[in-house]
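Scroll down for the structure; my scribbles are underneath it.
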Amino acid sequence: EAAGAADRFILDSAGCGGWHTGEAPDPRAIAAAARHGIDISGQRARQIRPADFDAFDLILGLDRDNVRHLQRMAPGQGAGKARIGLYLEEALGLNKDTPDPYYGSDRDFEAVYRLCAQASQALLAKLVPRTRRPFCFRRIKKERAARPALLAPIFATALRLHRPVFDTHRRLAHSLGQ
C-alpha cells in the first residue's frame, strides 16, 4: 500500500526440472519460513512451462545453470515477453548464484532465507522506485489496463529448496496492500 503497487505484481515459482513436481517444500525450508511467520507447508512444486515466457515479464533463475536452462527453453527471438535474469544480479547487483542449502543444515536454510529477503526488498525497491511526490494512481490504472502483469518472477530452481524466496516476495506484496 505504501508504494501503491501491490496489485501490479503477480508472483509465481517453478523449477527447471520436473523431478519435484507435486512435492511439498523441504522441511527445513518450511521451518525457516515459519520462523519468519510464513506458512509454506501447503505449497507444491511445479515445473516451468513454455507459456510462462508469455505470461510473465521477468523470470529470474537462482543460479547460472538455471538461467542457461531458461534461455534454452525460451521461445525464439521476438517471441515471449519475459526477460530472463540472475536473481541476485537483478536484485543486488551481485554476479553470483544464490546458495543451495539442500546439502547443508538448518543454519544454511536460514542464511539463504535472509539473503533472499534482502534481495527481494532490493528488487522491490528497483521495481517500485520511491519518489518524493505522491504516487500517481491514474498512471497505475492506465498501465494496469494495458499490461496487468508488470512483473512475475519465476524462481527457476528446485522449488522445494527455495520456496522461502517466493514467499518473501509474496509477503512483501501483501505488506504493500494486497
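The values are calculated or read from the model by the stated rules, or taken from the named source; none is laboratory data. Note that the structure is predicted; figures quoted are calculated from it, not measured. Every residue, glycine among them, receives a Cβ derived from its backbone with ideal geometry; neighbour counts consider all protein chains shown.
Worth pointing out:
- Residues within segment 23-61 that are within 17 Å of Asp106 (Cβ to Cβ) and polar (S, T, N, Q), tallied: 1
- In the condition set (1) surrounded by 15 or more Cβ atoms within 10 Å (Cβ to Cβ); (2) touching an Asp or Glu at 6+ places or on another chain (Cβ under 6 Å), Asp7 is compliant with all but (2).
- Among the conditions (1) among the acidic types (Asp, Glu); (2) surrounded by 15 or more Cβ atoms within 10 Å (Cβ to Cβ); (3) at pLDDT 90 or above, Asp39 misses just one, which is (2).
- Sole residue being at pLDDT below 95 and exposed (fewer than 13 other Cβ atoms within 10 Å of the Cβ), chosen from Gln121, Gln71: Gln71
- Of the strands (runs of 3 or more DSSP E) lying entirely inside segment 1-105, the ones with 3 or more residues being touching a residue at least 60 places away in the same chain (Cβ under 8 Å) and not aromatic (Phe, Trp, Tyr) are found at 12-14, 58-61.
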